[in-house]
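Chemist: Structure in structure tokens, see below.
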Amino acid sequence: MSITEVFTNPTVKQVIFQIRFPNLFFIEDKIGDFQLKIMDKFPESALLFKKQLLFADIGPETKMENILDQNPDMARKIWQFSSPKGYKLSVQSDTLDITSTIHKTYKNPSSDHKFRDFIEFVLDRFFEITKIPSVTRIGLRYIDHCPVPEKETITFQTYYNSTFPLSRFKIEEAQSMKFVAIVSRDDCFIRYVESLKQVEDKYILILDFDAFANNTTATEVLTTTDKLHDIISQEYELTIKEPVYRYMRGE
């Protein structure tokens with residue numbers, strides 16, 4: 001069972017949803033129609049350019065900026081749309097992603113700020129415009145900054161069911177720690193990263209959950225995203241303990 005509670009002080013700092021698909025050569029011709037269909041929720045828009053990496057012998061007299069100016073196709077276009085609720089939507093010829101830095105809940109029915117609703121809203125209109133039958137990859141990523149009230153192993157273990165080898169490497173002695181695992185979960189995958197880092201004058205535990213699935217039909221994208229969210233939520237629940245819940249509730 002995934003967490004549905006809406007916390008006053010959540011640890012999550014960023015949530016990213018992404019789909020990848022075969023390169024759509026017609027996307028630039030369709031982006032205006034797509035913009036009109038999402039404008040009520042994403043009224044602000046911008047066209048960005050992402051420079052691609054170039055390996056070439058350009059000689060000492062030639063500047064890279066001049067080559068890019070003369071060859072605009074070497075820069076990828078990114079159509080970006082912003083929501084007053086804090087969501088950013090980016091579309092490229094082969095990817096679509098939605099990012100939130102003010103995440104409240106994925107699908108709590110009592111909340112009017114559900115991330116899932118925005119995903120569904122965007123996908124319905126994107127698939128209507130592009131008619132693509134499938135996607136090559138779906139990703140959902142949660143990045144959490146979790147409290148480390150005391151830099152000592154005993155306290156740390158009361159807060160977290162950590163993957164760190166604490167019997168050998170004590171928190172008191174650590175400048176940094178990091179654990180990474182990529183595992184399969186119910187026909188999907190998750191990349192789990194746990195890292196202890198110093199930010200300014202205090203330490204925090206960063207939990208990075210990157211769940212993904214490959215080769216899914218367009219009609220199953222939202223259902224698959226629900227599954228990815230459940231996988232992330234279960235891993236999060238396995239990692240944190242009761243003091244972290246109290247922290248998020250502001251107790």
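Chemist: Going by the conditions given, is Val183 in contact with a strand residue (DSSP E or B) (Cβ under 7 Å, 6 or more places away or on another chain), in a helix (DSSP H, G or I) and either free of Cβ contacts under 8 Å to residues at least 24 places away in the same chain or within 19 Å of Cys146 (Cα to Cα) (or both)?
Modeler: no
Chemist: I'd like the full set of residues that are within 22 Å of Leu24 (Cα to Cα) and either in contact (Cβ under 8 Å) with a residue 24 or more places away in the chain or crowded, with 18+ Cβ neighbours inside 10 Å (or both), limited to the stretch 80-89.
Modeler: Listed by number, the residues that qualify are Gln80, Phe81, Leu89.
Chemist: Moving on. Which members of the stretch 125-160 meet the condition of being touching a Lys or Arg at 6+ places or on another chain (Cβ under 8 Å), among the aromatic types (Phe, Trp, Tyr) and not in a strand (DSSP E or B)?
Modeler: Once the filter is applied, which keeps residues that are touching a Lys or Arg at 6+ places or on another chain (Cβ under 8 Å), among the aromatic types (Phe, Trp, Tyr) and not in a strand (DSSP E or B), the stretch 125-160 yields only Tyr159.
Chemist: Now a separate question. Sort out which residues of the stretch 91-101 are closer than 18 Å to Asp29 by Cβ and assigned to a strand (DSSP E or B), and write them in order of number.
Modeler: Val91, Thr95, Leu96 - these are the residues of the stretch 91-101 that are closer than 18 Å to Asp29 by Cβ and assigned to a strand (DSSP E or B).
Chemist: Still on this structure, please answer the following. Which residue pairs have Cβ atoms closer than 7 Å, lie 6 or more positions apart in sequence or on different chains, and pair a first residue in the stretch 215-233 that is within 12 Å of Asp186 (Cβ to Cβ) with a second residue that is among the aliphatic types (A, V, I, L, M) and in a strand (DSSP E or B)?
Modeler: Pairs found: Thr224/Ile138; Thr224/Ala213; Leu228/Ile138; Leu228/Leu140; Leu228/Ala211; Leu228/Ala213; Ile231/Ile190; Ile231/Ala211.
Chemist: Can you tell me which residue is surrounded by the fewest Cβ atoms within 10 Å (Cβ to Cβ) among those in the stretch 160-180 that are in contact with an Asp or Glu (Cβ under 9 Å, 6 or more places away or on another chain) and either outside the structural domain of Val221 (by TED's automatic domain parsing) or in contact (Cβ under 8 Å) with a residue 24 or more places away in the chain (or both)?
Modeler: Ranking the qualifying residues of the stretch 160-180, first place goes to Thr163.
The values are calculated or read from the model by the stated rules, or taken from the named source; none is laboratory data. Computed from a prediction, not measured in an experiment: that's the story for all the values here. Heads up, the Cβs are rebuilt from the backbone with ideal geometry, glycines too, and the neighbour counts pull from every protein chain shown.
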